[in-house]
Amino acid sequence: MGLKLHYHNHYHSPRGGALGALLLLLLPIFLPSLFSPLGHASPSMLSEWNVPKSRHQRLLKSALQRQTSERELSDLWTPLANQSLKPCAESSIAPSLPEKSEGFIQVFLDGGLNQQRMGICDAVAVAKILNATLVIPYLEVNPVWRDSSSFMDIFDVDHFINVLKDDISIVKELPSDFSWSTREYYATAIRATRVKTAPVHASANWYLENVLPVVQSYGIAAIAPFSHRLTFDNLPMDIQRLRCKVNFQALVFVPHIRALGDALISRLRNPSGKSGAVGTNYLQEMPDVKNKQGAGKFVVLHLRFDKDMAAHSACDFGGGKAEKLALAKYRQVIWQGRVLNSQFTDEELRSQGRCPLTPEEIGLLLAALGFDNSTRLYLASHKVYGGEARISTLRRLFPLMEDKKSLASSEERAQIKGKASLLAAVDYYVSMHSDIFISASPGNMHNALVGHRTYENLKTIRPSMSLLGQLFLNKSISWSDFQQSVVEGHQNRQGQIRLRKPKQSIYTYPAPDCMCQA
């Protein structure tokens, strides 16, 4: 409305009208993100003109006045007790290399960091099944984040090879005889050495029957696509254990990622030392100060609320008509309207737990669980749809909220700037060293960290999406009733081991395959 008034006051003359028309024509050139359907790293400007209002004003008001007792805080921060299972990624069978390798296995992995991570583990398992030599996996350029980071940019390749040296043979690159086997080679024509028919969750026998003959005939097989191309069921125990060994022991981030992660962890645990840093040299040792419940501790919140997720959910997030139109247009452009959820009402989706939690809602969840305004929160996420306007409510609830940008200097972040995989790697590393981890919505990052932290017996809160959806629909619920329902509904969702069921991922549920009786 303000935009219309602006034009009415200043462009009422014919000349002004022509100028206004010219301005509208030039707008897509100077502000492409406003019109680009692929600009989902940042929010649409149209949606930002309408700052999203609080959708749960009554709960928010009570949450801002909340007080948590020392006993409640103590219970919150108490680590998980030892459970009946412990890690055992090492197979009971002594690892051994085949006398002769059958040939080389190449895989081309797409997706984000955590999807690629699972693909790497599966690639090692397939190489073991085929008695083949694995070429360090090739990571495709991510089409969403435009990240071209390679395996060696993210993971410590020498550590990877060394940890697995008794299990499989690994090479960093192909010998000169096979240097023709490249991504470009397979992109230009059908090639006999490329296997592109691997079914989702293929069995070990499928690889022995369909890929091994290619390796034996040509000395190499390139498998693409490869993501999710190995079953989670009916595999020998030593193969399952090997997958966990790769995931939890062999895949270690490169030193500069770990150094930056350690610096962020130090500043989160010892915030009083941050101001003592000289210039931009944050990477100094800081004293350990623990004088109250929660001091020296921190929660990592993975706030997965990007435009992709918001649009695909088909839920209403309170951004008004402009936001609804922007998300509906985005769904049409990206998925041609083929979004199953769009046939349901917002109330139906919320009651079924299909809506990602907004920053405000995850803040209310944390507050109801007992975290107070002295809680140090680390925000692990890429850009949030709606930007700071949408995060501001969460920041009101948790003023000690930090992220990579607030904790590290621009010089320290220079090596990871603009590289989504490296940014995600830092967040993953910090998440694995946090006292508590919570994710606002299920996804690859959530699944990977739930599995890894289960393996290490670390406290991890899994939001009950259906419970929260129903609670947030009740606009008259009191704070005490909301809090009681949240606490009771999450008593057994804080890291308790859940045994993997058929077809479930071994990377999210490492028990019982990769865990033994304590």
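The values are calculated or read from the model by the stated rules, or taken from the named source; none is laboratory data. Owing to the predicted nature of the structure, the values given are computational and were not obtained by experimental measurement. So basically every Cβ, Gly included, is an ideal-geometry build from the backbone, and we count neighbours across all protein chains shown. Accessible surface is based on the protein model in full, side chains and every heavy atom, while ligands, DNA and RNA are left aside. Shrake-Rupley method; radii C 1.70, N 1.55, O 1.52, S 1.80 Å.
Taking F160 as the residue in question, decide whether it is aromatic (F, W, Y) and closer than 20 Å to A204 by Cβ. First the steps, then the outcome.
Numbers: aromatic (F, W, Y): yes; closer than 20 Å to A204 by Cβ: no.
In short, no.
Please verify whether V487 is touching a helix residue (DSSP H, G or I) at 6+ places or on another chain (Cβ under 7 Å), more than 26 Å from Q352 (Cα to Cα), modelled with pLDDT of 95 or more and β-branched (V, I, T), treating the condition exactly as stated. The answer is no for V487. Within region 230-276, the only residue that satisfies the criterion of being buried (at least 22 other Cβ atoms within 10 Å of the Cβ), β-branched (V, I, T) and farther than 20 Å from A420 by Cβ is V246.
Residues of region 63-84 that are open to solvent by less than 40 Å² (accessible area, probe 1.4 Å) and under 26 Å from the mean Cα position of the chain (by Cα): L76, W77, L80. Here S217 passes the criteria (1) touching a residue at least 60 places away in the same chain (Cβ under 8 Å); (2) hydroxyl-bearing (S, T, Y); (3) assigned to a helix (DSSP H, G or I); (4) out of contact with any helix residue (DSSP H, G or I) (no Cβ under 6 Å at 6 or more places or on another chain) except the one numbered (1).
Determine whether region 480-500 contains at least one residue that is in contact (Cβ under 8 Å) with a residue 12 or more places away in the chain, farther than 23 Å from D435 by Cβ and open to solvent by 80 Å² or more (accessible area, probe 1.4 Å). Please lay out each step first, then the result.
Taking region 480-500 as the starting set, the residues that turn out to be in contact (Cβ under 8 Å) with a residue 12 or more places away in the chain are 482-483, 485-487, 489-490, 493-500.
Still in the list and also farther than 23 Å from D435 by Cβ: 482, 485, 499-500.
Then drop every residue that is not open to solvent by 80 Å² or more (accessible area, probe 1.4 Å), which leaves 499.
Looking through region 480-500, at least one residue is in contact (Cβ under 8 Å) with a residue 12 or more places away in the chain, farther than 23 Å from D435 by Cβ and open to solvent by 80 Å² or more (accessible area, probe 1.4 Å).
The residues in region 450-478 that are in a loop (DSSP other than H, G, I, E, B) and either on the phi > 0 side of the Ramachandran plot or not small (G, A, S) (or both) can be counted, and the count is 9.
Every condition in (1) open to solvent by less than 20 Å² (accessible area, probe 1.4 Å); (2) touching a Leu at 6+ places or on another chain (Cβ under 7 Å) is met by A368 except one, and the failing one is (2). Restricting the first member to region 122-137 and to residues that are at pLDDT 95 or above, and the second to residues that are part of a loop (DSSP other than H, G, I, E, B) and acidic (D, E), the beta-carbon pairs closer than 8 Å and six or more apart or on different chains are V124/D167; K128/D167; L130/E102; N131/E102; A132/E102; V135/E173; I136/E173. The requirement of being more than 14 Å from the chain's Cα centre (by Cα), within 19 Å of R354 (Cβ to Cβ) and open to solvent by less than 20 Å² (accessible area, probe 1.4 Å) is fulfilled somewhere in region 445-463, by at least one residue. For region 158-192, a residue qualifies if it is of a type in the set (S, T, N, Q) and in contact with a strand residue (DSSP E or B) (Cβ under 7 Å, 6 or more places away or on another chain), and the qualifying residues are S169, S181.
Any residue in region 479-498 that is in a helix (DSSP H, G or I) and in contact with a strand residue (DSSP E or B) (Cβ under 7 Å, 6 or more places away or on another chain)?
Within region 479-498, the first condition is being in a helix (DSSP H, G or I), and the residues that meet it are 479-489.
The next check asks that each one be in contact with a strand residue (DSSP E or B) (Cβ under 7 Å, 6 or more places away or on another chain); those that pass are none.
Checked against the condition, which is being in a helix (DSSP H, G or I) and in contact with a strand residue (DSSP E or B) (Cβ under 7 Å, 6 or more places away or on another chain), region 479-498 yields no hits at all.
Each row is one residue, and each column tells you yes or no for (1) closer than 30 Å to G451 by Cβ; (2) among the charged types (D, E, K, R).
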site	(1), (2)
G318	no, no
Q336	no, no
E361	yes, yes
L364	yes, no
F371	yes, no
R413	yes, yes
V426	yes, no
V430	yes, no
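Going through (1) surrounded by fewer than 21 Cβ atoms within 10 Å (Cβ to Cβ); (2) touching a residue at least 40 places away in the same chain (Cβ under 8 Å) one by one, P442 falls short only on (2).
Against the test of being at positive phi and touching a residue at least 40 places away in the same chain (Cβ under 8 Å), the options G363, G387, G337 yield a single qualifying residue, G387.
Out of the helices (runs of 4 or more DSSP H) lying entirely within region 86-173, which hold 3 or more residues that are open to solvent by less than 30 Å² (accessible area, probe 1.4 Å)?
Values: elements: 113-130, 151-154, 157-163.
The helices (runs of 4 or more DSSP H) meeting that bar are 113-130.
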